[in-house]
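Data first, discussion second: the structure below is written as structure tokens.
The values are calculated or read from the model by the stated rules, or taken from the named source; none is laboratory data. Everything numeric here is computed off the predicted structure, so don't read it as measured data. Because the Cβ atoms are built from the backbone with ideal geometry, glycine has one as well, and the counts that use them run over all protein chains shown.
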Amino acid sequence: MSSRNLISDVAGVRVGHADDTKLGSGVTVVVFEQPAIAAADLGGGGPGTRESALLEPAMTVERIDAIALAGGSAFGLDAASGAQAWLAEQGRGFQVRTARVPIVPGAILFDLLNGGDKKWGRYPPYRELGYDAAAKAGVEFALGSVGAGLGATTAGLKGGMGSASAATAAGVTVGAIAAVNAAGSVVIGGGPHFWAAPYERGREFGGRGLPSPLPNDALTFRTKGAPGENTALVVVATDAILTKPQVRRLAIMAQDGLARAIRPVHTPLDGDIVFAAATGTKPIADPIQALAELGALAADVVARAIARGVYEARALPYAGALPAWKDKFGS
């Protein structure tokens, strides 16, 4: 496996960002070089999604061309239309006789009150940002305050885009990308230690480990205190050959990664969702144990991606903006 430690370590997966610092928002598009079998698991109580019903295992269309993640709350759902337009130019899409329709599920996070200028006129900019992000998609991409994570925040710290990858003992790769705009906290007791520390590989988010002992206030309930301004958006990809119900199970298991990295999570106004996609190039040994191993590893990778998103973030250039992790705790 490549050493990028990104979701693009799954062959055939590319990622592009487009954002606007003045706007304080942006879009991230995950593009699949070949249509991928996909499903999703929704954990949050306040979702904003497009084409999510199509991802149910009983639905006819199995494969998708891309996934769009965006800021902008419901306005950001336009991002998928922009990505769809770019894919149509490439001749991509689900074929119906002579017509092709690119299939682009999407989800949004709320960043409308982060200090950026949201007075965009009649139409929001997310369709164009979605087009640009899809056009820029590649195997190398930035982390932190970029794309859909540009305007993201968490409880007490700037949020952002994170990614990570790993491989099973049999060599099946799984990667994740996360836009972290959670209501909860990703650090323990407001300090430098990440809840995801047990899953860290190397020093990918600072290498601080867990505090010993845990601070007395470690389990204190901490949130932004602003209902509706939340959500963690996650895409998990693997090169395993999986059926649509198996991909759904992968998404369900990967959702546990949010609980390993964020406290609290899946609150009433979080829109937390995990998309999962299988590019289908490597067989798994059996449909039970091997899938269970892959799902368990996916949850770990999601937790790592979330922590990396906050670790790599930078503060927004607005008065009163939340500090970034590195602003408070160094590198």
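In the set 322, 316, 294, only one residue is of a type outside the set (Phe, Trp, Tyr) and within 19 Å of the chain's Cα centre (by Cα); that residue is 294. The lone criterion from (1) of a type outside the set (D, E, K, R); (2) out of contact with any helix residue (DSSP H, G or I) (no Cβ under 8 Å at 6 or more places or on another chain); (3) without any contact (Cβ under 8 Å) to a residue 24 or more places away in the chain left unmet by residue 210 is number (2).
Is it the case, given these coordinates, that residue 115 is surrounded by fewer than 24 Cβ atoms within 10 Å (Cβ to Cβ), of a type in the set (Gly, Ala, Ser) and modelled with pLDDT under 95? It is true that residue 115 is surrounded by fewer than 24 Cβ atoms within 10 Å (Cβ to Cβ), of a type in the set (Gly, Ala, Ser) and modelled with pLDDT under 95.
Of the candidates 147, 184, 162, the single residue that is in contact with an Asp or Glu (Cβ under 9 Å, 6 or more places away or on another chain), buried (at least 17 other Cβ atoms within 10 Å of the Cβ), of a type outside the set (Lys, Arg) and under 13 Å from residue 325 (Cβ atoms) is 162. Residues that are crowded, with 24+ Cβ neighbours inside 10 Å and without any contact (Cβ under 8 Å) to a residue 60 or more places away in the chain were ranked within the stretch 46-75; the one that is nearest to residue 148 (Cα to Cα) is 72. Could you say whether any residue in the stretch 17-31 is at pLDDT below 95 and more than 15 Å from the chain's Cα centre (by Cα)? Checked the stretch 17-31: no residue is at pLDDT below 95 and more than 15 Å from the chain's Cα centre (by Cα).
Of the residues making up the stretch 1-58, those that are in contact with a Pro (Cβ under 8 Å, 6 or more places away or on another chain), under 16 Å from residue 235 (Cβ atoms) and in a loop (DSSP other than H, G, I, E, B) are 51, 52. When the residues of the stretch 16-45 are filtered to those that are under 20 Å from residue 76 (Cβ atoms) and among the acidic types (Asp, Glu), which remaining residue is surrounded by the most Cβ atoms within 10 Å (Cβ to Cβ)? Ranking the candidates gives 19 first. Filtered by the rule that a residue be buried (at least 23 other Cβ atoms within 10 Å of the Cβ) and farther than 9 Å from residue 139 by Cβ, the stretch 3-15 gives 7, 10. Exactly one residue among 321, 303, 313 is buried (at least 21 other Cβ atoms within 10 Å of the Cβ), in contact (Cβ under 8 Å) with a residue 60 or more places away in the chain, at negative phi and in contact with a strand residue (DSSP E or B) (Cβ under 8 Å, 6 or more places away or on another chain), and that residue is 313. The residue that is farthest from residue 184 (Cα to Cα), counting only those in the stretch 270-298 that are surrounded by fewer than 17 Cβ atoms within 10 Å (Cβ to Cβ) and aliphatic (A, V, I, L, M), is 285.
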